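Here the structure is laid out as structure tokens; the discussion comes afterwards.
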Amino acid sequence: MDLQYTLERFALQLKNQRRTLNRVARVFQKIMKTLYEHHFPNAEAHRPGPNPNCRDADILTVAWLLEYIGEDSENSGYRRLKAELKTVFPNLPERSRFNRRRRNLASASEVLRRTLTPDLSKTDVFIVDSFPMPVCDFKRAKTSKSDLKWADGTGTYATYGHCETKGLGTFFSFRCSLITTSLGVPVDFCLTAANRDDRAVLPHLAERGEYPILLGDKGYISEALQVELMETEGTVLLPTLKRNQKHQYPDDFRPLQVRIRRRIETTIGQLTEQFHIARVRALKHWGVRTRMSNKMGSCVLGAFVNQCLGRPLMKLKDLVLA
């Protein structure tokens, strides 16, 4: 049976039903189990020792649900899920063991997220932007002994950056570059040091997908970058132009570019308010990457279920709370 058809059939179980947390959790569980078994068949059987009572797919489902319900505290969120979804996930481990297994499944989480994304990104127009992820208060940055101040295997580490649009000024953090569809659905993301220029990050992000037309803000203005993306990836980069630039877009295209590009700001607002993506609560790089993958994955899963139900793709908050 076709994988896509199977996933859509599970999502349609919520059609004309009151979408309680229990019902949505069961649908998420079926989708995640199907995806995991498709990509990692008999993965648990190949490991040494007895199989765990709580399956890997259930760990990933709870990890994504934990980010989706929007609890500010991970402790309270996990206690809530463990209590309210006892019949759905009867064998959930205690929180520290759950977190260890969730981190070990970070690469699997990315595989499942990327599997759900293509069906939501059937468009030629994409949007790119970035946002800060503060690690700690500016005044505490110098004395902080956080592991995030030093590079990990990918070379990413927290540094000082500057952001006027968010009212932060100079901050100590990471920066996340994000690509979405024209409807705001996250397609891919990249975590970098806060002092990295967005224009330096974009070529590495663009090579991981197919983006015929890419809209950006004024931070992506660069003739050299536009030429590079066209020659290497076949991507047409259309940043918002400054008023004093000699060459301007046609009068009928300029407001359209601004209107479509602003959709990503709404998505970043959703990720910040509901998924708390701008708050770095992890202590190590591994934890940061895991939480980022879980947050993006749960967002994409919500959009996928909305698509199956005929709802606006990014109407995420009331999917569970309705």
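The values are calculated or read from the model by the stated rules, or taken from the named source; none is laboratory data. Here the structure is a predicted model, which means the values were calculated and not measured. Every residue, glycine among them, receives a Cβ derived from its backbone with ideal geometry; neighbour counts consider all protein chains shown. All accessible areas refer to the heavy atoms of the entire protein, side chains included, with ligands and DNA or RNA removed. Shrake-Rupley method; radii C 1.70, N 1.55, O 1.52, S 1.80 Å.
Details
- Note on N53 and L241: the model spin-label points, each 7 Å out from Cα along the C-beta direction, lie 6.5 nm apart.
- Computing FRET efficiency as 1/(1 + (r/R0)^6) for K86 and Y249, where r is the C-beta to C-beta distance and R0 is 51 Å, gives about 0.35.
- Within the accessible area of the chain (1.4 Å probe), percent carbon and sulfur: 51
- Volume per residue that the Cα convex hull of region 34-137 spans, once the total is divided by residue count, Å³: 153
- Globularity ratio of region 115-224, using Cα Rg and 2.2 N^0.38 Å: 1.17
- For K145, a cut-off of 16 angstrom between C-alpha atoms picks up these lysines, skipping any fewer than 8 places away in its own chain: K284.
- The GluC sites (Glu not before Pro) of region 86-195 meeting both criteria, a DSSP state outside H, G, I, E and B (loop) and at most 11 other C-beta atoms within 10 angstrom of the site's C-beta, are E94, E164.
- Rg/Rh ratio calculated on Cα atoms of the chain (Kirkwood radius): 0.98
- The modelled label-to-label distance for the pair R79/L191, using points 7 Å beyond Cα in the direction of Cβ, is 2.6 nm.
- Our estimate of slack between K315 and W286, defined as 0.36 nm per intervening residue step minus the Cα-Cα distance, is 7.5 nm.
- Degrees separating the helix 263-273 axis from the principal Cα axis of the chain, which is the longest one: 40
- Expressed as a fraction of 2.2 N^0.38 Å, the C-alpha radius of gyration for region 171-224 is 1.15.
- Antiparallel bridge percentage (DSSP; both residues within the chain; nearest 5): 75
- Angle between the chain longest axis and helix 74-84 axis [Cα atoms, degrees, rounded to 10]: 40
- Rounded to 10°, Cα long-axis angle of helix 95-104 versus longest principal axis of the chain: 60
- Two-site FRET efficiency, A151 against R97, from Cβ-Cβ distance with R₀ of 30 Å, rounded to 0.05: 0.55
- Length gained when the stretch R140-N42 is fully extended (0.36 nm per residue, less Cα-Cα span): 30.6 nm
- Total charge dipole magnitude, the chain, about the Cα centre, Cβ charges on Lys, Arg, Asp, Glu only, Debye to nearest 20: 1380
- Pairs of Cα atoms farther than 11 Å apart, region 211-251, %: 65
- The chain - accessible surface per residue (Å², probe 1.4 Å): 50
- At q = 0.15, 0.17, 0.19, 0.22 Å⁻¹ the log10 of I(q)/I(0) for region 181-321 amounts to -0.90, -1.11, -1.28, -1.44, computed by Debye summation with a single uniform scatterer per C-alpha, solvent ignored.
- Summing Cβ point charges (Lys, Arg +1; Asp, Glu -1) relative to the Cα centre of region 268-322 gives a dipole of roughly 240 debye.
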